[in-house]
Each structure stands twice: as C-alpha cells, then as structure tokens.
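The values are calculated or read from the model by the stated rules, or taken from the named source; none is laboratory data. Just so we're clear, the structure is a prediction, and the values are computed from it rather than from any experiment. Note that each Cβ is placed from the backbone with ideal geometry, even for glycine, and that neighbours are counted across all protein chains shown. These area figures cover heavy atoms from the full protein model, side chains too; ligands, DNA and RNA do not enter into them. Shrake-Rupley method; radii C 1.70, N 1.55, O 1.52, S 1.80 Å.
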Amino acid sequence: MGYDVHITRRVNWWAEEGQDISRAEWEAVVAADSGLVMAPLWWTAGRIVSKNPSDAVIVTMCQVAKVLDARVQGDDGEYYDA
C-alpha cells in the first residue's frame with residue numbers, strides 16, 4: 001500500500017464534482033517539459049497522481065499545478081506548496 005499525492009482542481013481530490021484536468025491538458029504540459037516524461041506521474045480520472053512521491057517530485061507537482069491552475073493534495077486532504 002502506498003500514499004498518493006494528487007494534482008487536482010477539485011476542492012478535494014476524491015470529490016465527484018468539480019473541474020477535471022483533461023488528458024489533453026496533461027499531455028500538453030508533458031510535451032512542453034520533456035523532463036516530466038521521466039517523472040513518476042500519471043493522469044487518471046481528471047487528476048494527476050504520484051504514488052509515494054519524493055520531496056523533489058512534490059516540488060515538481062507544485063510547479064505543474066501552477067501551470068494547470070490546480071493544487072497539490074495528499075490522500076488525507078492536506079495541501080502542498082513549494
């Protein structure tokens with residue numbers, strides 16, 4: 001079992017209502033930053049997820065979240081800022 005951290009636009013990543021991050025938006029961010037290809041991030045169900053991310057990956061997630069007008073939230077609902 002691991003701990004996921006999410007890039008989301010919803011109030012809480014698990015909420016059913018709220019604005020999704022589209023797969024096309026995620027692919028555009030990856031295309032603009034080739035370093036993201038190697039990052040342990042994936043798109044699923046309208047959000048970007050990383051399992052057990054290192055501090056460096058969380059910093060990257062915060063940078064990506066700014067580009068996507070989103071925020072970074074852990075499984076327990078806490079928010080991350082870099």
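One table, with the values for the structure above:
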quantity: Close pairs from region 4-28: first without any contact (Cβ under 8 Å) to a residue 12 or more places away in the chain and of a type in the set (Asp, Glu), partner open to solvent by less than 40 Å² (accessible area, probe 1.4 Å) and in a loop (DSSP other than H, G, I, E, B), Cβ under 8 Å, at least 6 apart; calculated: Glu17/Arg10
quantity: Single condition Ser50 does not satisfy, out of (1) surrounded by 13 or more Cβ atoms within 10 Å (Cβ to Cβ); (2) at pLDDT below 95; calculated: (2)
quantity: Subset tally (residues that are under 21 Å from Glu17 (Cβ atoms) and either at pLDDT below 95 or aliphatic (A, V, I, L, M) (or both)) for region 53-78; calculated: 4
